[in-house]
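Remarks on the structure that follows.
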Amino acid sequence: MHGSWTSWRSRRIHGVPVIDLTLASLIGAMALASALHHEPPEGPLWLTVPVAIVLSGALVLRQVRPLAMAAVVAVAAVLQAVVSVSPGSLWALAVFLIVMVSVGAHASEARAATGGALLLASLFLQEWLDAGSDYLFMVLVFGGAWLLGRGLHGWSRRAIAAETANTETARLATAEERLRVARELHDVVAHSLGVIAVQSEAADALFERDPQRARVAVQAVQSSARDALDEMRQFLGVLRAEPDGLPLEPIPRLDGLKDLIATFTAAGLRVTLTHDVRSATLRPGLDLTAYRIVQESLSNVLRYAGPVAVSVRVATDSGHLRVEVSNAESMRVTGVTRGAGLGLLGLRERVEALGGSLSHGPVGGGFRVVATIPLEVERS
């Protein structure tokens, strides 16, 4: 019911709200009936009928051109008062009240004040021409209508601001979720594809000279492909899950570092792991982020440096978790295109979201990635 009313109220014909067309038609019919039947007698038809049409017609544009319509109503009513008598029917009173509210609600502060003053001056002049004395009544009634309009104006602006803020919040939330999905998708797939690429190249190179080693490389490719498929299924399962269904955090944890390193060792990396941190002691998000740092760093070493020696160290120090991955030497890897750096960018975003910092760059003949993240949430 409420939705139907809102839809009808916002409907427009040639830019004019249907509600204003309906209101103008109803009051216009009342005005013409009153003028034609001379109830009350307000002057000749050649004057009262056009004035009735003008006053009721002003309601059509009361929201679009509130100040102009206030001026039209004020001038038309004064013109009839000068030639004959003021339009004193209930419909005329209703027109003045509606236009007074409209100029307060739909015009800027200065225009609203100007329109209200015009209407009130018109009413005062009509009252003076008719030798009346209800000035205080006019101030209270029509001034109150103007204040009501200003109140509606403020409420409308606040409602629009709130709606804009909600829309912006929803947009930012959507962007953040897309970024999170992109990071997870990169982390889930990139390292497995890197292993597959390196091992398939090795298998191709060894196929003629050492079939046994080529077979081992092919088996590593198969294993990495299966791992990638399993992680992708897990990832898609998380995305499809209901809010109260599967956990939103992916599965990898620091406790699984040895299995992760085993896949890179099979691909040719010589990894030395120093790790004395248990997953259960870390706050949510920190465990997964540390795992992804090691995973992305080893993937980059394998892709860009080749099968070299790598040192991985995960430890706690002065209330922080420190993750360091470095290779002291680098082999020339041919046929590899330098990436766009999205992996390291994603790592930096993860680390900074947890209040930490990430640094990376060349060291000696190799490369080093260092992340330092608070073990507890820092309170300001």
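Observations
Yes or no, residue by residue, for (1) touching a strand residue (DSSP E or B) at 6+ places or on another chain (Cβ under 9 Å); (2) in contact (Cβ under 8 Å) with a residue 40 or more places away in the chain; (3) of a type in the set (A, V, I, L, M, F, W, C); (4) assigned by TED's automatic domain parsing to the domain that holds G343:
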position: R253; (1), (2), (3), (4): no, no, no, yes
position: A267; (1), (2), (3), (4): no, yes, yes, yes
position: V271; (1), (2), (3), (4): yes, yes, yes, yes
position: T274; (1), (2), (3), (4): yes, yes, no, yes
position: V277; (1), (2), (3), (4): yes, yes, yes, yes
position: V294; (1), (2), (3), (4): yes, no, yes, yes
position: V301; (1), (2), (3), (4): yes, yes, yes, yes
position: T316; (1), (2), (3), (4): yes, yes, no, yes
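- The condition of being modelled with pLDDT of 85 or more and part of a helix (DSSP H, G or I) does not hold for L93.
- As a summary of the residue check, E109 satisfies the conditions (1) acidic (D, E); (2) under 43 Å from the mean Cα position of the chain (by Cα); (3) over 16 Å from G149 (Cβ atoms) except for the one numbered (3).
- Each residue in segment 116-137 was checked for being of a type in the set (D, E, K, R) and without any contact (Cβ under 8 Å) to a residue 40 or more places away in the chain, and 1 of them qualify.
Matching residues to (1) out of contact with any Gly (no Cβ under 8 Å at 6 or more places or on another chain); (2) assigned by TED's automatic domain parsing to the domain that holds S122; (3) not in a loop (DSSP other than H, G, I, E, B):
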{"site": "V49", "(1), (2), (3)": "yes, yes, yes"}
{"site": "I53", "(1), (2), (3)": "no, yes, yes"}
{"site": "Q63", "(1), (2), (3)": "yes, yes, no"}
{"site": "A70", "(1), (2), (3)": "no, yes, yes"}
{"site": "A74", "(1), (2), (3)": "yes, yes, yes"}
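- Matching option when the condition is within 12 Å of L254 (Cα to Cα) and modelled with pLDDT of 90 or more, among R292, R313: R313
- The condition of being at pLDDT below 80 and not in a helix (DSSP H, G or I) holds for A131.
- The number of residues in segment 251-291 being polar (S, T, N, Q), touching a Lys or Arg at 6+ places or on another chain (Cβ under 9 Å) and surrounded by fewer than 20 Cβ atoms within 10 Å (Cβ to Cβ) comes to 3.
- Count of residues meeting criterion [at pLDDT 85 or above and part of a loop (DSSP other than H, G, I, E, B)] in segment 329-373: 3
- Filtered by the rule that a residue be crowded, with 17+ Cβ neighbours inside 10 Å, in a strand (DSSP E or B) and of a type in the set (V, I, T), segment 305-328 gives V310, V312, V314, V323, V325.
- Qualifying residue in segment 90-99 (condition: surrounded by fewer than 19 Cβ atoms within 10 Å (Cβ to Cβ) and farther than 26 Å from W155 by Cβ): yes
The values are calculated or read from the model by the stated rules, or taken from the named source; none is laboratory data. On a predicted model such as this, the values are computed, not experimentally measured, just so you know. Counting neighbours? That spans all protein chains shown, and the Cβs are built from the backbone with ideal geometry, glycine included.
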